[in-house]
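The values are calculated or read from the model by the stated rules, or taken from the named source; none is laboratory data. These figures come from a predicted structure and were not determined experimentally. Heads up, the Cβs are rebuilt from the backbone with ideal geometry, glycines too, and the neighbour counts pull from every protein chain shown. Just so you know, the surface numbers come from the protein's heavy atoms only, side chains and all, with ligands and any DNA or RNA stripped out. Shrake-Rupley method; radii C 1.70, N 1.55, O 1.52, S 1.80 Å.
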Amino acid sequence: VAPFLAPFLARHPDWLAALAADDLAAPLAREPLEAALDAALAEAGDDGAERALRRFKYRWLARIVLRDTALPLARSGETLADLSLLAELLLGRAVAIALRRNTAKLGPPRWRDAAGRERDAAFCALGLGKLGGEELNFSSDVDLVYVYEAVADAASGPQERAPLDWFGRLAQEIQQLVGAETEDRFLYRIDLDLRPEGDRGPLAISDAMLAEYYENAADHWEKVAFMKARPVAGDLELGWRTVREIHPMVYRAAMDTAGVRRIRSWKQRVGEVRGSGGDGFDVKLDPGGIRDVEFVAQAFQLLHGGRIPQLRDRSAQRALARLAEVKILPSADVERLLAAYRFLRRVENRLQMEDERQVHALPKRPDALARLARAMGHLGDDATAAFLAALETERAAVRAFDEAFALESGAESLIGLFARHQPRLVASPETRPLMEALAARFAQEIEASPDPVLATNNLDRFVEAVGSRRFYYELLLDRPELVGRLTALFAGSRFLSALLAKNPRLIEPLFADPNVLLLSRDELRADLAAIRAELQPAEADFESDLEALRLFHHRHVANVGLLDMDEKITRAECEGALTDVAEVTLEAALGVAQREVARRRPPSPAAAAARFAVVGMGKLASRELTYGSDLDLVFLYALESADAVERMEAQEHCVRVAQRLISALETPTPSGACYEIDSRLRPSGNQGALVTSLAGLRDHYETSALLWERQALLRARAVAGDASAGAAFEALRREQLHRPLPDDAAREIHRIRLRMERELAGETATHRDVKRGRGGLLDVEAVVQWLQLRHGPAHPELFAVDRTERQLAKLASLGLLAQAHARVLADGWEFLERLSSRLRVVENRSISDLDVERGDLDGLARRLGYAPGARESSARRALLADYARHTDAIRRVYGEILGVS
């Protein structure tokens, strides 16, 4: 099977003894293999490194060959993984040796910048191709890209060499160590053609230049090749950082159909030039070969990898398996492709085992072909015929799938979408023309939309929700303008699309008049009453009340979102409108709760005399609600009676009202829920009573309230319930805010702020928390609230509940905040608020969740107004640069004003 190993086994009979004693049932394990390699190198010393590396390779290659001959085809992927692991460890040690040798010749890779600071530059070899995918064959080249850490303004370095020169010499040292032929053959053939500019480019490139190349100059095929990149030797942290930086330039949020067509064309051209040309069979490049299977995996990764990170696997086999896991391909199709791929890769390995040469063409000589057939497990006189028949079966399966894999037209694709959810409507001769016409209309609008993939995915969810209710399809055909507006919504907002999918009945009223802008409070109340009147029965009915609240809430949140997406309202108007919707909903829900509690248990005279109020906290109070916001509420009541029994009766009644109110807003119904309620800002949080008397609230603030609770009072106002109780709370609030601050107030605010950052933000190199992270929204709020608490007693207007940007303007106009600081905080606040709002309405993600690796970040950046630039990811990079600039500036001002480092 592998005659090239015979000379080594003859010179090293101890290898045969070791193989005989080895447990070949298990694949190679990294740690013991690494230890054995280090021991061999230590024994050989630096002068014997080349020989030690090569002998180690062939010693363990013998094990891999022997094990592979007995391995079932279904597990043949283990051989590819073993070959990749062996190469990775050998290359890792070779790079370390080359680094030592280059340092001995030229000095360490250390440079001094213009300011006189010294800095070492790291180095990493990225593996691409089969090595990157951990699917190396017996005689693969190893595709490498050498990357070193950029050194800004390098003024001087070892022997006055620039980093480019030093690491170029290192690349030559690695080539000599790894690629040179000796009496012990070679270690690996290194192929550097995948580096920027190919054989015309520098042997090594800085991480910054590599990222710039992929952003501004890389061809599409180069980006496809980089899908398999991973660090294999040197500084792995630098390598992964570089890969993460470039990946968003590879995986696009939009479905890259043009990219798929380009790689199909490129694959066909390569096959025509380098394949067998019809004379025999090239297992790698000819139709039905290895490259066809890999094309399927890469094509689906290009189409869906930007939105589905699980598909971004470097291994062709694992990528195919993931396609089944996420339901993009049927499991049976994936299993068939994987079986063919394993068979073809084993043929490739058997060809290359003979003389460790890069052979992909089937031999033409009958004896050589018969030897290959026997190596593939076919015995007897008809071995060759049986092998060729098996090969043709696998090729036919691959060709059939490859030929069937075509990019459908938009209308065909949408008919398939409708058929998947509503097969009866598509199959019926009566309704199929309707569905075809609707598919054609949607396809035209989707193709012209800014994000066809997002639009299609959201249409998919909508069709699933509509079900077989023919009315909606007829409505969309009768009113074609609705299709355009729906598509704009589907292409622009996951949040609003999800809302509409749950409530398709909103289509007609929501899109009835595109010129309707925001409604006043009275108009909102009238609309809620009209919705309730449309529902039966007309008499008081709790279920109908809940349904009316939800329809009202969903309709008007969606209306605000549409106006926001069309930029017909400002951010302040949007947040004010969402707050109006919340308060009208709260007001109505409170009426429903009070009626239901009274119906079930009529209140005692003392309970009836209790004046119940709902206090909004946080963004509800300051009229800064965003999409999907929780409502922070505190429930209280006022009662003049001093009788303990009457106070207890009032307390119990008000608790029942508060519980019923929370239920009315939170309870999921077929139409969803209105809001999540957070009542943890009440005295003693979750351990305290749900409802507090005004007297009890005063006692808490005067005896045991912490500083953060006084901060919370800066954004607190009555939003529903008894007006006199609300006025009494406002008087209490201002009274407490005028109390003297403790001496360590600034330090305590800073301590709480940092605790939230450490424990809740969870920021990493690739994840940012817009709200709680470093330099985030809470930094701005902490500065504003500290200045309010500090200066409010002398300037009572600062205690009025207001939007954050207005508070900043007040502080600046009073001379309490430097104009430069006010501009930094106001600009940063506007940037972060707008970003968080888009995260919710466009992506339907947490307003705090900014993942810099997500492929959809480019689309989000473009919707925020960033120009796409000449290359993919320009908008994303500009957005992230602005994010870093604003948060750095906010944190700097935060530190200066609170007097902390």
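Counting the residues of segment 363-387 that are touching a Ser or Thr at 6+ places or on another chain (Cβ under 8 Å) and not small (Gly, Ala, Ser) gives 3. Listed here are the helices (runs of 4 or more DSSP H) enclosed by segment 1-57 that have at least 1 residues being modelled with pLDDT of 95 or more and surrounded by 10 or more Cβ atoms within 10 Å (Cβ to Cβ): 30-44.
Residues of segment 348-390 that are surrounded by fewer than 16 Cβ atoms within 10 Å (Cβ to Cβ) and either within 44 Å of the chain's Cα centre (by Cα) or among the hydroxyl-bearing types (Ser, Thr, Tyr) (or both): Arg357, Gln358. If you go through segment 561-588 and keep only what is open to solvent by less than 20 Å² (accessible area, probe 1.4 Å) and of a type in the set (D, E, K, R), you end up with Asp564, Glu575, Glu583.
Of all the criteria given as (1) among the aliphatic types (A, V, I, L, M); (2) in contact (Cβ under 8 Å) with a residue 12 or more places away in the chain; (3) open to solvent by 20 Å² or more (accessible area, probe 1.4 Å), the one not satisfied by Met648 is (2).
Out of segment 593-602, which residues are surrounded by fewer than 22 Cβ atoms within 10 Å (Cβ to Cβ) and under 17 Å from Arg532 (Cα atoms)? Of everything in segment 593-602, those that are surrounded by fewer than 22 Cβ atoms within 10 Å (Cβ to Cβ) and under 17 Å from Arg532 (Cα atoms) turn out to be Arg595, Glu596.
Condition check: closer than 20 Å to Lys130 by Cβ and either under 32 Å from the mean Cα position of the chain (by Cα) or not assigned by the TED database to the domain that holds Val453 (or both). Does Ser331 satisfy that? Let's see the steps before the verdict.
Numbers: closer than 20 Å to Lys130 by Cβ: no; either under 32 Å from the mean Cα position of the chain (by Cα) or not assigned by the TED database to the domain that holds Val453 (or both): yes.
So Ser331 does not fit the description; no.
Residues in segment 180-200 that are more than 33 Å from the chain's Cα centre (by Cα) and modelled with pLDDT under 90: Ala180, Glu181, Thr182, Glu183, Asp184, Arg185, Phe186, Asp199, Arg200. Of everything listed in (1) open to solvent by 20 Å² or more (accessible area, probe 1.4 Å); (2) in contact with an Asp or Glu (Cβ under 9 Å, 6 or more places away or on another chain), the single unmet condition for His738 is (2). Residues in segment 749-786 that are open to solvent by 50 Å² or more (accessible area, probe 1.4 Å) and not in a loop (DSSP other than H, G, I, E, B) were compared, and the one that is nearest to Gly828 (Cα to Cα) is Arg768.
Each row is one residue, and each column tells you yes or no for (1) basic (Lys, Arg); (2) open to solvent by 40 Å² or more (accessible area, probe 1.4 Å); (3) farther than 22 Å from Leu210 by Cα.
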residue	(1), (2), (3)
Arg93	yes, yes, yes
Leu99	no, yes, no
Asn102	no, no, yes
Gly107	no, no, yes
Arg110	yes, yes, no
Asp120	no, yes, no
Ala125	no, no, no
Gly129	no, no, no
Gly132	no, no, no
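Tallying residues that are assigned to a helix (DSSP H, G or I) and either small (Gly, Ala, Ser) or in contact with a strand residue (DSSP E or B) (Cβ under 8 Å, 6 or more places away or on another chain) (or both) within segment 472-493 yields 4. Considering the conditions (1) assigned to a helix (DSSP H, G or I); (2) open to solvent by 60 Å² or more (accessible area, probe 1.4 Å); (3) closer than 28 Å to Ala598 by Cα, Ser724 is excluded by exactly one of them, (2). Scanning segment 183-201 for residues that are open to solvent by 60 Å² or more (accessible area, probe 1.4 Å) and either part of a helix (DSSP H, G or I) or not charged (D, E, K, R) (or both) yields Asp199, Arg200.
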